[in-house]
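*Asks:* Mind looking over this structure? Questions follow.
The values are calculated or read from the model by the stated rules, or taken from the named source; none is laboratory data. Just so it is clear, the structure is predicted and the values come from calculations on it, not from any experiment. Here Cβ is always computed from backbone atoms with ideal geometry, including for glycine, and neighbour counts include all displayed protein chains. Protein only, heavy atoms only, side chains kept; ligands, DNA and RNA dropped before computing areas. Shrake-Rupley method; radii C 1.70, N 1.55, O 1.52, S 1.80 Å.
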Amino acid sequence: MFVVDAWKRSGYFRVGGIMLAVLLAIAVLQPWLSQLALQNPDVSPMSMGTFEPYADPSLRHPAGTDKLGRDMLALLFLGIRVSMLIALIAGCTATGIGISLGFIAGYKGGWVDAVLRTGTDMVLVIPSLPLLIALAAYLPTISIPVMSLLLAAFAWPFTTRIIRSQVLTLKQRPFVDLARTSDQGDMSIIFLEILPNLLPFLGVSVAVGMSSAMLAEIGLQLIGLGPASINTLGLMVQQSVQSGVLAIGKWWILFAPVSCLIAFFVALNLINIGLESAFNPRLRSVTGD
Amino acid sequence: MKPLVSYVITRALMFLLSIWGAFTLAFFFFHLIPGDPVSAYLQQLEQQFSQTVDAADAAAMAAEMKARLGIDGSLPEQYWRFLGNVFIRFDLGPSFINFPKPALEHILEKLPWTLWLLGTSTIISWILGFVVGGIIGTFRNNFASQFLINFSLVISQIPSYFTALFALFLFGYWFVLLPTKGAYDPSIEKDLLNPRFLLSVARYAIMPAMAVVMVGVAGTLISTRSLVTTILGDDYLQFAHAKGLRRSHILMRYVLRNAMLPQITGLALSLGFVLNGFYLVEIIFNYPGMGSLFLSAIRLLDYNLILGIVLMSITVVLAATFIIDLLLPLIDPRIKLSD
């Protein structure tokens with residue numbers, strides 16, 4: 001399994017993997033963890049006025065409370081869970097789109113490839129955030145699945161590019177020729193011969209898709225377009241920027257979600273570097289790993 | 001025809017073609033949005049003034065609005081009118097801000113601020129990342145290089161509006177050194193020949209530019225370093241080394257020159273991404289550029305202005321790519337020779 005190989009070969013992958021595992025554990029255990037933080041099974045982390053507003057960090061509230069009197073730690077756990085879920089759906093959807101287009105372009109070649117490549121480069125070059133924001137502004141309601149699909153719609157070009165270039169080189173390999181001469185169909189060549197070789201790249205594209213979805217999500221939220229009822233980390237950043245917590249010296253309210261997001265980005269990036277340096281020998285000299 | 005002339009003509013045609021393609025994409029994108037912009041705007045007005053309008057009146061209002069905005073008629077009809085308006089008359093229609101002030105006028109007022117800040121910070125971060133990346137690629141095995149590369153690997157993925165928030169907190173609120181909002185000191189007369197005004201413009205630009213530069217440098221540094229590492233393994237450099245040329249000479253004369261070309265192309269590819277983050281940085285600092293204008297357009301659901309800003313962003317990125325393409329023959333002699 002490529003994950004085990006990467007774990008053995010790359011220190012970057014180990015660090016990134018552990019960070020992501022911690023975040024994932026928080027996301028999964030969130031219902032239990034936030035009960036622990038709130039010490040009251042009947043209170044939801046989202047309900048307002050539960051505690052005194054703007055309390056400083058203390059034993060009772062390790063991360064303080066926000067303007068609406070909510071425990072920051074419990075909110076943070078919830079934010080990690082929701083943001084992770086959105087990023088995961090968006091990242092996987094984007095990878096799915098990217099793989100399909102990348103395979104069609106790389107495997108078919110010719111004018112199909114030319115059209116798909118031009119289109120992909122176009123989407124890559126065009127500043128996507130204004131388009132995404134405009135789209136979100138006109139949508140009547142935004143739920144978690146809608147949000148994820150929106151984000152995925154702009155996160156696929158990267159995957160298409162790497163999958164296409166990999167398919168181009170792989171389809172020249174002798175084992176693919178052998179499969180073709182032994183009369184295997186296109187589908188069976190794609191799924192049984194080529195795809196298994198691309199698993200590490202799929203890992204990279206899920207990670208890249210997740211982090212670009214996350215990036216776009218914060219963008220949407222900072223404009224104030226995300227749904228206010230879904231507590232993502234981006235929404236927490238937006239709310240604290242909006243209420244001017246820096247100007248009144250309550251910086252931890254802003255820095256709690258920001259540092260979670262940074263941990264998320266760094267973890268995904270380290271996983272990428274680890275996977276690439278473990279499976280792309282040409283790059284191994286780059287990271288000196 | 002001279003190869004250079006044909007190169008320029010091909011590039012110019014490609015530029016116009018991609019502008020047309022991207023504009024068409026944007027046009028259909030805006031017309032396929034579920035729930036049309038006009039009724040969304042009318043609903044927002046109803047909520048704002050807590051009034052309810054009966055269905056017949058609402059329909060009449062919507063029709064009137066659509067005619068004013070130039071989005072009535074069938075889709076092909078609208079598309080032709082759109083092309084004529086944008087490419088021949090340079091007209092984006094009226095904006096809701098100071099109606100009927102044209103949307104294009106709003107955009108042109110804000111565009112110089114964005115271009116100045118974005119241009120300066122992109123160029124600074126590219127040059128800095130390129131030079132430092134080249135140096136730590138050549139001198140790889142010391143603590144400083146190792147530290148710099150690992151630091152960059154971590155920081156390169158952090159969005160620039162986070163570095164903006166850090167800068168804001170550190171220099172704006174903790175040590176009160178730099179202004180936190182706006183683009184110039186409003187108490188100084190706005191005059192481009194006034195040195196005090198120019199000084200305040202530069203001072204107000206430091207923080208937002210720094211936020212973009214920090215992230216940009218890290219990205220360029222990583223890719224330059226990997227390029228330099230690959231180039232250093234090439235035979236002609238082994239030879240240059242064996243000939244006894246100094247390392248600094250090899251770096252300047254051979255390595256960086258060869259690394260420059262792919263790095264400049266890379267810059268062109270990343271501009272859209274840079275612009276995305278840049279708008280958010282503008283919003284954080286209340287910088288009076290296109291990003292802040294976009295925010296007010298979104299709040300008002302100002303259809304023409306939103307579409308206009310999207311089109312202008314696309315134009316800025318594609319034009320910058322085109323200029324970079326035109327500069328390439330200066331750096332790469334091969335383009336001049338081949339035909």
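*Asks:* Peptide B:229-238: average number of partner chain Cβ atoms within 10 Å per residue? Walk me through the numbers on the way to the answer.
*Replies:* Working: counts 4, 4, 0, 1, 1, 0, 0, 0, 0, 0.
The shielding value for this peptide is 1.
*Asks:* If you bin every alpha carbon distance in segment B:110-300 into 10 Å steps from zero, what whole percent lands in each bin?
*Replies:* Here the calculated profile for segment B:110-300 is 9, 31, 29, 19, 10, 3, 0.
*Asks:* To continue, here is another question. Given contacts defined as C-alpha pairs under 8 Å and at least six residues apart, what's the relative contact order of segment A:1-160, whole-number percent?
*Replies:* Details: 160 pairs, mean separation 32.5, N = 160.
Result for segment A:1-160 is 20 percent.
*Asks:* Under 24 Å from the Cα of A:Lys171, which lysines turn up, not counting those fewer than eight places away in the same chain?
*Replies:* Cα-Cα hits under 24 Å: A:Lys108.
*Asks:* Once you charge only the Cβ atoms, +1 for Lys and Arg and -1 for Asp and Glu, what is the size of the charge dipole of chain A about its Cα centre, to the nearest 20 debye? Show your work: numbers first, answer last.
*Replies:* On the way: 17 positive and 15 negative charges, 91 e Å.
Charge dipole, chain A, about its Cα centre: 440 debye, nearest 20.
*Asks:* Using packing as a proxy for protection, rank A:229-238, B:104-113, A:169-178 so that the peptide with the highest average count of other Cβ atoms within 10 Å comes first. List each step's numbers first, then the result.
*Replies:* Working: A:229-238: 23.0, B:104-113: 17.3, A:169-178: 12.7.
So the peptides A:229-238, B:104-113, A:169-178, ranked by packing, come out A:229-238, B:104-113, A:169-178.
*Asks:* Please give the contour-minus-distance gain from B:Ser74 to B:Val154: 0.36 nm per residue of separation, less the Cα-Cα distance, rounded to one decimal in nm.
*Replies:* This chain segment gains 23.7 nm when fully extended.
*Asks:* Protein chains only, probe 1.4 Å: how do A:Cys260, A:Cys92 rank by accessible area, largest first? Kindly include the intermediate steps, with their values, before the conclusion.
*Replies:* Numbers: A:Cys260 25, A:Cys92 70 Å².
Descending accessible area places them as A:Cys92, A:Cys260.
*Asks:* Which shape class, rounded, prolate or oblate, goes with the protein assembly as shown when its Cα gyration tensor gives a ≥ b ≥ c as root eigenvalues, a/c under 1.5 marks rounded, and past that a/b bigger than b/c marks prolate? Show your work: numbers first, answer last.
*Replies:* On the way: a/c = 1.33, a/b = 1.17, b/c = 1.14.
Taking the square roots of the gyration eigenvalues as a ≥ b ≥ c, the protein assembly as shown is rounded.
*Asks:* First compute the accessible area of chain A with a 1.4 Å probe, then give the percent of it belonging to carbon and sulfur atoms. Intermediate results must be reported in sequence, preceding the final value.
*Replies:* On the way: 8200 of 12170 Å².
Carbon and sulfur together cover 67 percent of it.
*Asks:* A plus B alone minus the pair: what accessible area, both sides summed, probe 1.4 Å, in Å² to 100? Walk me through the numbers before you get to the answer.
*Replies:* Numbers: alone 14310 and 19400 Å², together 29510 Å².
Summing both sides, the interface buries roughly 4200 Å².
*Asks:* Within the set B:Lys66/B:Lys110; A:Lys67/B:Lys190; B:Lys2/B:Lys110, which residue pairs have Cα atoms separated by over 30 Å?
*Replies:* Numbers: B:Lys66/B:Lys110 26 Å; A:Lys67/B:Lys190 39 Å; B:Lys2/B:Lys110 40 Å.
The answer is A:Lys67/B:Lys190; B:Lys2/B:Lys110.
*Asks:* Continuing with the same structure: Suppose we compare each residue of segment A:110-136 in its chain alone and in the full protein complex with a 1.4 Å probe; which ones drop by at least 40 Å² of accessible area?
*Replies:* Listed by number, the residues meeting the 40 Å² cut-off are A:Met122, A:Val125, A:Ile126, A:Pro127, A:Leu129, A:Pro130, A:Leu131, A:Ala134, A:Leu135.
*Asks:* Run down the aspartates and glutamates and flag those whose C-alpha is under 17 Å from the C-alpha of A:Lys250, throwing out any fewer than 8 positions away in its chain.
*Replies:* Output for A:Lys250: A:Glu52, A:Asp56, A:Asp66, A:Asp71.
*Asks:* Where does chain B land at 222 nm, in deg cm²/dmol rounded to the nearest 500, when only DSSP H runs of n ≥ 4 count, each adding -39500 (n - 2.57), divided by all residues? Could you put the intermediate results ahead of the total?
*Replies:* On the way: 14 runs with 247 residues, N = 339.
Only helices count here, giving -24500 deg cm²/dmol.
*Asks:* Provide the descending list of Cα extents for segment A:18-158 along its principal axes, expressed in whole angstroms.
*Replies:* Dimensions of segment A:18-158 along the principal axes of its Cα atoms: 65, 35, 23 Å.
*Asks:* Once the Cα atoms of chain A are picked out, what are the Rg and Dmax in Å?
*Replies:* Cα radius of gyration and Dmax of chain A are 21.9, 74 Å respectively.
*Asks:* Counting only heavy atoms of protein chains, what accessible area per residue, in Å², does chain B have with a probe of 1.4 Å? Mind dumping the intermediate values first?
*Replies:* Details: 17340 Å² over 339 residues.
On a per-residue basis, 51 Å².
*Asks:* I'd like the distance between the alpha-carbon centres of segment B:1-35 and segment A:166-201, rounded to an integer number of Å.
*Replies:* Taking the Cα centre of segment A:166-201 as reference, the centre of segment B:1-35 is 35 Å away.
*Asks:* Okay, next question. I'd like the distance between the alpha-carbon centres of segment B:99-173 and segment A:258-279, rounded to an integer number of Å.
*Replies:* Answer, in whole Å: 20.
*Asks:* In percent, how large is the relative contact order of chain A, given Cα pairs closer than 8 Å and 6 or more residues apart? Mind showing how you got there, number by number?
*Replies:* Details: 401 pairs, mean separation 78.2, N = 289.
Relative CO of chain A lands at 27 percent.
*Asks:* Given the Cα-Cα distance of A:Asp183 and A:Trp32 and 0.36 nm per residue of separation, how much length would full extension add, in nm? Mind showing how you got there, number by number?
*Replies:* Values: separation 151, 0.36 × 151 = 54.36 nm, distance 5.49 nm.
Extending this stretch completely gives an extra 48.9 nm.
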